[in-house]
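The values are calculated or read from the model by the stated rules, or taken from the named source; none is laboratory data. These numbers were taken from a predicted model, which means no experiment stands behind them. Note that we place each Cβ from the backbone using ideal geometry, even for glycine, and neighbour counts take in every protein chain shown.
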Amino acid sequence: MGIRELHRQFVEKRVSVSEVVRGYIDRIRKSRLNAYITVFEEEALECAKRVDDKIACGDKVGILEGIPVAVKDNICVKGYPTTCGSKILERFVPPYDATVVERLKQQGVIMLGKTNMDEFAMGSSNEYSYFGPTLNPIDEERVPGGSSGGSAAAVGAGEALVALGSDTGGSIRLPAAYCGVVGLKPTYGRVSRYGLVAFASSLDQIGPIAGEVEDVAILLQVIAGFDERDSTSLDAEVPNYLEEMQGEVSGWRIGLPKEYWGEGIDDAIKATVRDAVREWEKLGVRVKEISLPHTKYAIPTYYLIATAEASSNLARYDGIRYGLSCDGGTTQEVHVNTRTEGFGDEVKRRIMLGTFALKAGYKEEYYLKATQVRELIRGDFMKAFEEVDLMVTPTAPVLPFKLGERVKDPLAMYIVDVLTVGVNLAGLPAISIPYGEVEGLPVGVQIIGPFLGESKILRLAYALERVTR
Ligand code: GLN
């Protein structure tokens, strides 16, 4: 059931908001998935009752009123911990709402709680959370993908109707693919980052995760748009996504970038995504092979830029201003003890890599070089979008892997992002939608759009969903 259907049931008084919210909370409480870090039980039930009272009085309620939403734990919700999956922020309670949260609250959603994630959003499997890994709802021996694994698993398991995630290098799309749900990473600047704990500021973007395309569009409609509190927020008009999503796709040109369909990508995944492309062809879409020649540099470029920005962003966790504070004789010792104790291994690895990349004498060779290569990668996309409307690729190169399988090998973990990081480097929008399965596991199809091309992406995604449901 999607947002629109649940809304109808509320308004027709076939179910009460309180019953539905109670149901979600019971499922979360009984679940073994570990998708949540904090559950807002009391407040969620109170809010539900208020919406029920409104409906009982015959007042009009909006489409999102009473809809249960989960929020990734790096997005601030006033008055509740925002841990970022880290010990260092275990007790940090933000005194304000992120812009996206403020906007959703204004629509009357019910916040169910905060979802589990890789520490500071660094990871692809959710195994780097201080609060323990999240399990994949389809196969509990496997990872849900990361870093928004808690949000995707919650939606996949019916522990939230919809959720928010964040995507720096694939963290919405990969878990969406692994949990069989829909996840959209908007154009950089489309959605305000105010109140999102910064990982790599030039790449981070908040986006929706849901069971169906329409719900992603409904959420995007609310969270998109200019915000003066985020200096990189785009002052561009927000289209009516629900309306623009409905039209024809006949005559559209889809590019299949050959570098995203080559070696190292699971053959069964490629075959499944090719089947999805055939469905679009039946709807009149024209398909052609294209090339994004600098793709091979995307992973190293991403891991230089993301770590450099992270090392700078994470300098603020000094044991004095936020969260954990360990004792020490001198200020220096407070910093060292707090950071030693508070950060996990992967976060420390990133800080060290990033600090190295920015070091005097190395900066030109590493960080600045990476920013130049980033322009080449962006240029590849710009050029290709002169010829095609959208691009289609698999979301992940491998099926959801087993817990523990990659956690000891950072490179094996990093390579899982090979099909998603390019989009972040280029600042473009992309979605992952579920299509078919391999060995009983879900497969994600990625649609990449041009700058501010969310409507087009949603329309193509919706066209496939209509055929397959
Ligand atoms: N897996 C990637 C990383 O570890 C992407 C994470 C993200 O998008 N937040 O950096």
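Go through region 137-177 and give me each residue that's over 22 Å from ALA98 (Cβ atoms), more than 16 Å from the ligand (Cβ to nearest atom) and in a loop (DSSP other than H, G, I, E, B).
Listed by number, the residues that qualify are PRO137, ILE138, ASP139, GLU140, GLU141, ALA157, GLY158.
Return the only residue of GLU454, GLU465 being of a type in the set (Asp, Glu), farther than 23 Å from PRO133 by Cβ and buried (at least 24 other Cβ atoms within 10 Å of the Cβ).
When all the criteria are applied, what remains is GLU454.
Counting only residues that are surrounded by fewer than 19 Cβ atoms within 10 Å (Cβ to Cβ) and away from the ligand (no atom under 15 Å from the Cβ), how many does region 382-402 have?
Final tally of qualifying residues: 6.
Go through region 119-150 and report how many residues are over 21 Å from PRO397 (Cα atoms) and out of contact with any Asp or Glu (no Cβ under 8 Å at 6 or more places or on another chain).
Adding up the residues that qualify gives 3.
Which one is nearest to GLN107 (Cα to Cα) among residues in region 200-238 that are within 16 Å of the ligand (Cβ to nearest atom) and in contact with an Asp or Glu (Cβ under 7 Å, 6 or more places away or on another chain)?
GLY207
Take ASP227 and decide whether it is assigned to a loop (DSSP other than H, G, I, E, B), over 21 Å from ASP118 (Cβ atoms), touching a residue at least 24 places away in the same chain (Cβ under 8 Å) and of a type in the set (Asp, Glu).
yes
Select from region 104-123 the residues that are under 18 Å from the mean Cα position of the chain (by Cα) and either at pLDDT below 95 or assigned to a helix (DSSP H, G or I) (or both) and write down the one among them that is surrounded by the fewest Cβ atoms within 10 Å (Cβ to Cβ).
If we take residues in region 104-123 being under 18 Å from the mean Cα position of the chain (by Cα) and either at pLDDT below 95 or assigned to a helix (DSSP H, G or I) (or both), then LEU104 is surrounded by the fewest Cβ atoms within 10 Å (Cβ to Cβ).
Sort through LYS288, LYS282 and tell me the only one that's away from the ligand (no atom under 16 Å from the Cβ), under 27 Å from GLY379 (Cα atoms), of a type outside the set (Asp, Glu) and exposed (fewer than 13 other Cβ atoms within 10 Å of the Cβ).
LYS288
Which ones in region 415-453 are within 16 Å of the ligand (Cβ to nearest atom) and either without any contact (Cβ under 8 Å) to a residue 60 or more places away in the chain or among the hydroxyl-bearing types (Ser, Thr, Tyr) (or both)?
Result: THR420, ALA426, SER432.
Which members of region 241-267 meet the condition of being farther than 11 Å from LYS288 by Cβ and of a type in the set (D, E, K, R)?
GLU243, GLU244, GLU248, GLU259, GLU263, ASP266, ASP267
Could we say that ALA412 is free of Cβ contacts under 8 Å to residues at least 60 places away in the same chain and under 30 Å from VAL277 (Cα atoms) here?
yes
Need a quick list: helices (runs of 4 or more DSSP H) entirely within region 1-71 having at least 1 residues that are touching a residue at least 60 places away in the same chain (Cβ under 8 Å) and touching an Asp or Glu at 6+ places or on another chain (Cβ under 6 Å).
Answer list for region 1-71: 3-11, 17-30.
For (1) in contact with a helix residue (DSSP H, G or I) (Cβ under 9 Å, 6 or more places away or on another chain); (2) surrounded by fewer than 24 Cβ atoms within 10 Å (Cβ to Cβ); (3) within 18 Å of ASP118 (Cβ to Cβ), each residue gets a yes or a no:
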position: GLY183; (1), (2), (3): yes, no, yes
position: VAL191; (1), (2), (3): yes, no, no
position: TYR194; (1), (2), (3): yes, yes, no
position: VAL197; (1), (2), (3): yes, no, yes
position: SER202; (1), (2), (3): yes, yes, no
position: GLN205; (1), (2), (3): yes, no, yes
position: VAL216; (1), (2), (3): yes, no, no
position: LEU219; (1), (2), (3): yes, no, no
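Residue by residue through region 28-81, note down the ones that are charged (D, E, K, R) and surrounded by 24 or more Cβ atoms within 10 Å (Cβ to Cβ).
LYS72, ASP73
Of the residues GLY440, GLY379, GLY427, which is surrounded by fewer than 24 Cβ atoms within 10 Å (Cβ to Cβ), small (Gly, Ala, Ser), at pLDDT 95 or above and farther than 21 Å from PRO186 by Cα?
Of GLY440, GLY379, GLY427, the one residue that is surrounded by fewer than 24 Cβ atoms within 10 Å (Cβ to Cβ), small (Gly, Ala, Ser), at pLDDT 95 or above and farther than 21 Å from PRO186 by Cα is GLY440.
Can you tell me which condition CYS76 does not meet? The list is (1) within 16 Å of the ligand (Cβ to nearest atom); (2) under 28 Å from ALA48 (Cβ atoms); (3) out of contact with any Cys (no Cβ under 7 Å at 6 or more places or on another chain), and all the others hold.
That leaves (1) as the condition not met.
Condition first: closer than 30 Å to GLY422 by Cβ and β-branched (Val, Ile, Thr). Now tell me which residues in region 293-340 satisfy that.
THR295, ILE299, THR301, ILE305, THR307
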